[in-house]
Amino acid sequence: MGNKITVTFGSQHIAIPEPVSFVFETENEMITKVDVDVGYVHRGIEQAAVTKFKFNNVQFLLARVCGFCSITHAGAYIHGVEKLLGVETNKRIDYLRLIVTELDRMHSHLLANGHVAEVCGYENLFMQSVKYRENATEILEAITGNRVQYDYYQIGGVSRDLSAEHIEMIDVKLKELRVNVLKLRDFFDTDYTFGLKTKGVGTVTYEMAKAYNTAGSIARASGLRMDARNEFDFLPYEEVGYKLQTRTEGDVWARCMVRFDEVINSIDMCLYAVNNLPEGEIKVKSKGKPKGETFIRVEAPRGECFYYIKGNGTKIMERVRIRVPTYANIPVLRELFVGSQYSDAQAIVLSFDPCLSCTAR
Amino acid sequence: MINPELIMHEVTLENIKQTLLDWYDVDTHHYITVNAIDNGENLTFDWIFSEYEVKNVIHVFRAENIAYKSNIPSMMDVYPGAWVSEWDLADMFNLNMENAHRGMFLEPEAPTGPLLKESYSGK
Amino acid sequence: MVKMFIESLKNLTTKPVTIGYPHTPSPSPKDYRGTIYYQEDLCIFCDLCEDVCPPGAILFEVTNFEENIREYSYNPYLCIYCHACVDVCPKADEGCLVQAETRLKPLGREETLPKDIKLGYFMDRVTTPKHLDSQWDEFEDRCEESREGHDEFKAEKKRKKKEEMAAKKKLEAEVKAKEDAALENDVSKSENNPEEKVDETAKDKPKE
């Protein structure tokens, strides 16, 4: 007893596809100390945004910060630039943007939950999640014309319109997805062995969530009523039936459940938006160069994404600061490890759905 | 178009910690991030907060005219999750940040202070 | 757990969702963003696409300074298929820049390069896939040089024109000066009559 062993988790680990390194100091199976290193894939995007790219090109660069949040990163920047240029978008543009943003959230959440199931030893549940997720990605592909890099947001509008054919297809596929997600949620909810691996594991209490300023589904799973969609009017969420989803348990299981509830809510919002699409142009003319500064909060799939944008009246931006959701969740993750079993470490990490390419951008 | 309600608070490096200790309430305020802007001659620091379930309000604590080599206080005593953003800024701007472990975001052989204007404008 | 077991059994009898990709081709999606094709005879050489391209995959090289002849070049392996160039192209409706629904095959060492003048001059000239990258880098430098050269040429032309204008003006000025001098001589000759001047001023005064 009392023998300390250092176990490294990463930088390459089979549970996470991205390079992050945790060095655990363990006593028997218990973790007593953690060191984190995240900077393996730093690409200097904040510098590139203020040196190499003109302001009307930066959204293409920022969409490549992360494959999953590419819509929200580009979206946050576009919202900011539109504010600086004084562009007022119409309702149709807002609705189209909302549909794409929510579809992005759906497929991200389904993959995150599938990953949790995978590291808990439930390989076939992971396959099932990814199979159902395909509906969301297919819709995105049909709308935007690409599977990963959507490049849908443009300054003053969106790149493509929805045809009647699209609307019909989205309606059918989303209804199918809704049925499937409810089925999946039922598996996650009622499965006995999955519950053993996830219930009561890695609990973030309400006080902890508040003290560490967590964001996204991690905060909401602990009962913290915190969602940028609720606190910042970047898209017309209230009109389409947005509901804040919270749980109180705060463990790995609750985080999965919050994600499922959000997917269901997103599907409902998308179905409403698609069937009540306002008329209008899909692009508004914009002119001038951005001058001044602005602060933008948007809700990325993993939590709140914050942008600070400053323009100086030239083609090149003065400063683009990105605060990604994982920043808010790393501190509590580090605290959470201490005192938990090493065998739970994978499930805890994956339930946080960390995005390392966002973190080291 | 978004119209956030910005609430600006002017602070200095000396009084920022005390101001935040007095102002920050864990039940209502959500810490978002700390941001630095290079003005070419000096730095501007922003500590940015929002409020839970209050629409479009952003609190900004702004400290202006900070020299490049100033000692920046850490806010980890006020809210313990502050270190990620602080260490990030310390790496990116080559700052003397209190308690910061350098090299978490950048590798040792990476250029120092890549977001400083002098490092990319070729001065 | 029972539900999951039943689902697993059901999955055993259903058809697979996946396709055997390399052997069966992936279904081609509609309206996909693919390779950019260009038609030179429709181009008005406004350079908007070069200006907007985020990765710099579209470049115009100035080959003839005097007549301002440019050649369009495109690197399909650098392109991010973002559609920005087609959006800004003023002649896109007529088919100057068109985004196809398919992409070119990934570039292997053994592959032959696609030869199509619609892909621009660079792809037409490059010989082996192995050298595409290095040749593109050289080409980028050459383009910049040609741009600078063209700017210099234009500046030179402007300067020459200015000089010519200046010379012309000078000449004119000289001629004028001569004429003036001649006129002045005439005036000075005529100025021998001071009484006339006095008369003029006297005429003006009452008017005021």
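The values are calculated or read from the model by the stated rules, or taken from the named source; none is laboratory data. No experiment lies behind these values; they were computed from the predicted model shown. As a convention, Cβ positions derive from the backbone with ideal geometry for all residues, glycine included, and neighbour counts pool all protein chains shown.
Summary of computed values
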quantity	calculated
Pick from the range A:1-19, criterion aliphatic (A, V, I, L, M) and either part of a strand (DSSP E or B) or at pLDDT 80 or above (or both), ranking: farthest from A:PHE126 (Cα to Cα)	A:ILE5
Members of the range A:148-174 found to be surrounded by fewer than 14 Cβ atoms within 10 Å (Cβ to Cβ) and either part of a loop (DSSP other than H, G, I, E, B) or within 22 Å of the chain's Cα centre (by Cα) (or both), listed by number	A:VAL148, A:SER163
Verdict on A:GLU262 being part of a helix (DSSP H, G or I) and in contact with a His (Cβ under 9 Å, 6 or more places away or on another chain)	yes
Checking A:MET269 against (1) under 30 Å from B:THR44 (Cβ atoms); (2) away from chain B (no Cβ under 12 Å), the condition it does not meet	(1)
Count of the range C:118-132 residues which are in a helix (DSSP H, G or I) and either surrounded by 14 or more Cβ atoms within 10 Å (Cβ to Cβ) or touching a residue at least 60 places away in the same chain (Cβ under 8 Å) (or both)	8
Residue ID - nearest to the other protein chains (Cβ to nearest Cβ), chosen from residues in the range A:49-91 that are surrounded by 18 or more Cβ atoms within 10 Å (Cβ to Cβ), among the small types (Gly, Ala, Ser) and over 14 Å from A:ILE309 (Cα atoms)	A:ALA63
Criterion violated by B:VAL57 - all others in (1) within 30 Å of A:LYS52 (Cβ to Cβ); (2) surrounded by fewer than 18 Cβ atoms within 10 Å (Cβ to Cβ); (3) more than 7 Å from chain A (Cβ to nearest Cβ) satisfied	(1)
Residue check for C:SER26: farther than 17 Å from C:VAL98 by Cβ, within 11 Å of chain A (Cβ to nearest Cβ) and modelled with pLDDT of 80 or more	no
Considering residues of the range B:4-55 that are of a type in the set (Ser, Thr, Tyr) and not in a strand (DSSP E or B) only, the residue nearest to A:MET226 (Cα to Cα)	B:TYR52
Odd one out for C:GLY108 among (1) surrounded by 13 or more Cβ atoms within 10 Å (Cβ to Cβ); (2) over 24 Å from C:GLN39 (Cα atoms)	(1)
Contacts under 7 angstrom Cβ, first residue in the range A:80-96 being within 17 Å of A:ASN275 (Cβ to Cβ), partner among the charged types (D, E, K, R), 6 or more apart	A:ARG92/A:GLU279
Unique match (being modelled with pLDDT under 80 and either charged (D, E, K, R) or within 22 Å of A:ARG229 (Cβ to Cβ) (or both)) among A:ARG361, A:ARG302, A:ARG323	A:ARG361
Single residue of B:LYS69, B:LYS17 found to be of a type in the set (Lys, Arg) and without any contact (Cβ under 8 Å) to a residue 60 or more places away in the chain	B:LYS69
Filter result (at the interface with chain B (Cβ under 9 Å from one of its Cβ atoms), touching a Leu at 6+ places or on another chain (Cβ under 7 Å) and part of a helix (DSSP H, G or I)) within the range A:206-230	A:LYS210, A:ASN230
Of all residues making up the range C:114-142, the number that are within 17 Å of the chain's Cα centre (by Cα) and among the acidic types (Asp, Glu)	2
Residues satisfying the stated conditions in the range B:17-51, i.e. touching a strand residue (DSSP E or B) at 6+ places or on another chain (Cβ under 6 Å) and under 18 Å from B:ASN71 (Cα atoms)	B:VAL34, B:ASN35, B:ALA36, B:ILE37, B:ASN42, B:LEU43, B:THR44, B:PHE45, B:ASP46, B:TRP47
Residue in the range C:136-158 that is at pLDDT below 75, in a helix (DSSP H, G or I) and not charged (D, E, K, R) present	no
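Residue by residue, here is whether (1) more than 21 Å from A:THR144 (Cβ to Cβ); (2) out of contact with any Cys (no Cβ under 6 Å at 6 or more places or on another chain); (3) within 14 Å of another protein chain (Cβ to nearest Cβ) holds:
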site: C:TYR37; (1), (2), (3): no, yes, no
site: C:PHE45; (1), (2), (3): yes, yes, no
site: C:ASP51; (1), (2), (3): yes, yes, yes
site: C:PRO55; (1), (2), (3): no, yes, yes
site: C:GLU61; (1), (2), (3): yes, no, no
site: C:GLU66; (1), (2), (3): yes, yes, no
site: C:ARG70; (1), (2), (3): yes, yes, no
site: C:PRO76; (1), (2), (3): no, yes, no
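Residue-wise test of (1) more than 12 Å from chain A (Cβ to nearest Cβ); (2) crowded, with 20+ Cβ neighbours inside 10 Å; (3) in contact (Cβ under 8 Å) with a residue 12 or more places away in the chain.
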{"position": "B:ILE7", "(1), (2), (3)": "no, no, yes"}
{"position": "B:THR12", "(1), (2), (3)": "yes, no, yes"}
{"position": "B:ASP22", "(1), (2), (3)": "yes, no, no"}
{"position": "B:TYR31", "(1), (2), (3)": "no, yes, yes"}
{"position": "B:ASN42", "(1), (2), (3)": "yes, no, yes"}
{"position": "B:SER50", "(1), (2), (3)": "no, yes, yes"}
{"position": "B:PRO73", "(1), (2), (3)": "yes, no, yes"}
{"position": "B:LEU95", "(1), (2), (3)": "yes, yes, yes"}
{"position": "B:ALA100", "(1), (2), (3)": "yes, no, yes"}
